[in-house]
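S.K.: To start, I am sharing the structure in question, which I have written as structure tokens.
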Amino acid sequence: MIVIFKYIIPKKYSGLTVFPFIFLKNKKSIEDTCFLNHEKIYLKQQAELLWIFFFVWYSIEYGVQILQYKNHDAAYKNINFEKEAYKNEQDLNYLEFRKTFAFYKYL
């Protein structure tokens, strides 16, 4: 379910996915199919990890990455969930053929 609600989304970002919702900063983002595909990949990841485990894993991995890179952007881009989403966002058929727990291959 897509919800337009800009107040919970950090300044540098256009969207935030918390299963089963995709929160968008503005209505224009609905037209960006690659961006929406990126967010839908998160929905799949979160469903596979029963939501809470996704955020625990994400937080731990971000913590490890920030210690390694000492830079938010580098740490963020190197989280396995982000790698999967960025690599496959332009493939609009990706979710049809995506294997369960596909994010493991980005570790």
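We did not get these values from a lab; they are worked out from the coordinates using the rules stated. Quantities reported herein were computed from a predicted structural model and do not represent experimental measurements. All Cβ positions, glycine included, derive from the backbone under ideal geometry; neighbour counts span all protein chains shown.
S.K.: If the cut-off is 12 Å between C-alpha atoms, which aspartates and glutamates fall inside it for residue 77, apart from same-chain ones fewer than 8 positions away?
M.R.: 61
S.K.: A further question on this structure: Counting other beta carbons within 10 Å of each Cβ, put 61, 31 in order, fewest first.
M.R.: Fewest-to-most Cβ neighbours within 10 Å comes out as 31, 61.
S.K.: Continuing with this model, one more query. Between residue 22 and residues 5 or more places away or on another chain, which pairs have amide H atoms under 5 Å apart, with H built 1.01 Å from N, and which residues are they?
M.R.: Excluding prolines and chain starts, which carry no amide H, the hits are 2, 3.
S.K.: Would you please report the Å³ per residue occupied by the convex hull of the alpha carbon atoms in region 27-70?
M.R.: 99 Å³
S.K.: Further question on the same structure: Going through the cross-link list 12/105; 27/99; 40/105; 25/70, which pairs have a Cα-Cα distance over 24 Å in this structure?
M.R.: Listed pairs above 24 Å: 12/105; 27/99; 25/70.
S.K.: Long-range amide H contacts for residue 32: which residues qualify at under 5 Å (H placed 1.01 Å from N, peptide plane, sequence gap of 5 or more or a different chain)?
M.R.: Amide H neighbours of residue 32: none.
S.K.: How long are the semi-axes of the ellipsoid equivalent to region 30-106, from square roots of 5 times the Cα gyration tensor eigenvalues, in whole Å, largest first?
M.R.: Working from the Cα gyration tensor, I get semi-axes of 22, 15, 11 Å.
S.K.: Also: Residue separation times 0.36 nm, minus the C-alpha to C-alpha distance between residue 97 and residue 72: what's the value?
M.R.: Length gained, residue 97 through residue 72: 5.9 nm.
S.K.: Can you compute the charge dipole magnitude of the chain about its Cα centre, using +1 on each Lys and Arg Cβ and -1 on each Asp and Glu Cβ, nothing else charged? Give it in debye, rounded to the nearest 20.
M.R.: Dipole of the chain, to the nearest 20 debye: 240 debye.
S.K.: For a quick check: sort 39, 48 by the number of other beta carbons within 10 angstrom, fewest at the front.
M.R.: Listed from fewest to most nearby Cβ atoms, that is 48, 39.
S.K.: Counting helices only, and only those DSSP H runs with n ≥ 4, report the 222 nm mean residue ellipticity of the chain as the sum of -39,500 (n - 2.57) divided by its residues, in deg cm²/dmol to the nearest 500.
M.R.: Dividing the helical sum by the residues of the chain leaves -15000 deg cm²/dmol.
S.K.: If you don't mind, there's one more thing I want to ask. What residue among 97, 15, 85 has its Cα farthest toward the positive end of the dipole of the chain, where the charges are +1 on Lys, Arg and -1 on Asp, Glu, each on the Cβ?
M.R.: The one lying farthest along the dipole's positive direction is 15.
S.K.: Going by how many other Cβ atoms sit within 10 Å of their own, how do 59, 29 line up, fewest first?
M.R.: With the fewest neighbours first, 59, 29 line up as 59, 29.
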